[in-house]
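K.L.:
Quick one: structure below, then a few questions.
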Amino acid sequence: MRHDHHGRTHRLELDDQTLREWDCTVLASDPEEGLVLDRSAFYPGGGGQPPDHGVLLWGGVTTRIAGVRPRDDLWLVPEPGDPLPPVGTRVRGAVDDERRSLLMRTHSGLHVLCGVMARDFGVPVTGGNMEPGQARLDFDLAEVPAGFKDDLTEKLNAEVAADRVIDVRVLPRDEAYALGPIVKTATDLLPPDLQDIRLVDIRGLDLQADGGTHVASTRQIGRVEVAKVENKGRGFRRIRLRLVD
């Protein structure tokens with residue numbers, strides 16, 4: 001399967017992360033499973049990033065999309081009770097721009113956090129999660145220096161202000177691993193049979209395998225704040241991040 005497809009669906013958000021509206025055709029329509037499109041910019045979720053919301057417009061009707069169910073095909077999950085367009089219908093898809101844009105900024109902010117923690121403390125990520133505008137990452141960090149929370153906030157915002165370019169590219173597996181440590185989690189969770197790896201590169205700060213959506217530069221993240229640092233025991237530190245701009 002090509003990296004820009006999931007089942008029968010061409011994943012437009014992997015080609016253009018700024019795309020919010022597009023035309024497409026319904027390939028499957030089922031009241032239990034949902035809808036499959038030939039082309040979709042709805043991010044299906046994964047790597048801690050939740051799925052997109054949005055709408056499908058067809059024949060004067062609106063079908064709200066509440067999520068995505070990745071199986072052999074990408075099944076869009078409509079809001080309960082909303083009408084489903086029949087197979088073969090031409091529809092206009094639209095992603096909820098505010099939600100997606102917040103998630104892109106948040107996700108890129110987490111990569112900045114990964115980069116700073118790897119550079120300054122050499123610690124792996126042990127878990128994470130995100131919602132629009134706020135997120136957390138867990139690190140295997142034994143000691144927290146005095147003033148850590150404020151110092152880390154300052155370092156993160158220095159990287160945001162540096163306006164580092166954020167590149168996305170796909171490389172064959174061997175070439176990707178040859179670039180260095182592209183997995184920042186404590187355990188490498190990339191499937192061993194994955195032949196092509198999508199890389200997100202914050203130039204000069206962080207390079208890692210990632211399937212999510214991101215802004216084009218760190219400045220677009222906006223100001224961030226370390227809202228809380230929690231001690232979960234045995235060197236397990238949870239860092240909660242939020243966007244403040």
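The values are calculated or read from the model by the stated rules, or taken from the named source; none is laboratory data. Since the structure is predicted, the reported quantities are computational estimates derived from the model, not experimental observations. Positions of Cβ are generated from backbone atoms using ideal geometry, with glycine treated the same way; all protein chains shown enter the neighbour counts. These area figures cover heavy atoms from the full protein model, side chains too; ligands, DNA and RNA do not enter into them. Shrake-Rupley method; radii C 1.70, N 1.55, O 1.52, S 1.80 Å.
K.L.:
Can you tell me the orientation of helix 148-161 relative to the chain, as the angle in degrees between its alpha-carbon axis and the longest Cα principal axis, to the nearest 10?
P.N.:
60
K.L.:
Something else: Using only the heavy atoms of the protein chains and a 1.4 Å probe, how would Lys149, Lys228 rank by accessible area, largest first?
P.N.:
Working: Lys149 80, Lys228 105 Å².
Putting Lys149, Lys228 in descending order of accessible area: Lys228, Lys149.
K.L.:
Further question: Nearest 10 degrees, 0 to 90: what angle lies between the long axis of helix 97-121 and the longest principal axis of the chain (Cα atoms)?
P.N.:
For helix 97-121, the angle is close to 30 degrees.
K.L.:
Send over a whole-number figure in Å² for the accessible area per residue of the chain, probe 1.4 Å. Walk me through the numbers before you get to the answer.
P.N.:
Working: 11620 Å² over 245 residues.
Result: 47 Å² of accessible area for each residue.
K.L.:
Another question, if that's okay. When the chain is fully extended, how far beyond the present Cα-Cα distance does Leu171 get from Val229, taking 0.36 nm per residue of separation? Spell out each step's value before the answer.
P.N.:
Numbers: separation 58, 0.36 × 58 = 20.88 nm, distance 3.54 nm.
Additional length available on full extension: 17.3 nm.
K.L.:
OK, next. Express the carbon and sulfur contribution to the solvent-accessible surface of segment 73-139 as a percent, rounded to the nearest whole number, probe 1.4 angstrom.
P.N.:
Numbers: 1260 of 2530 Å².
Carbon and sulfur: 50 percent of the exposed surface of segment 73-139.
K.L.:
Between Ala161 and Arg39, what is 0.36 nm times their sequence separation minus the Cα-Cα distance? Round to one decimal in nm.
P.N.:
On the way: separation 122, 0.36 × 122 = 43.92 nm, distance 3.56 nm.
Computed gain between Ala161 and Arg39 is 40.4 nm.
K.L.:
Using a 1.4 Å probe on the protein heavy atoms only, what accessible surface does Asp15 show? Give it in Å² to the nearest 10.
P.N.:
Here the residue's solvent-accessible area equals roughly 90 Å².
K.L.:
Could you work out how much longer the chain between Arg119 and Arg20 gets when fully extended? Use 0.36 nm per residue separation minus the Cα distance between them, nm to one decimal.
P.N.:
Numbers: separation 99, 0.36 × 99 = 35.64 nm, distance 3.46 nm.
Full extension of this stretch gives 32.2 nm more.
K.L.:
In addition: Go ahead and run the numbers for FRET between Asp193 and Ala142, Cβ-Cβ distance against an R0 of 41 Å, rounding to 0.05. Provide the component values of the computation, followed by the final result.
P.N.:
Working: r = 35 Å, r/R0 = 0.86.
My answer for the efficiency is 0.70.
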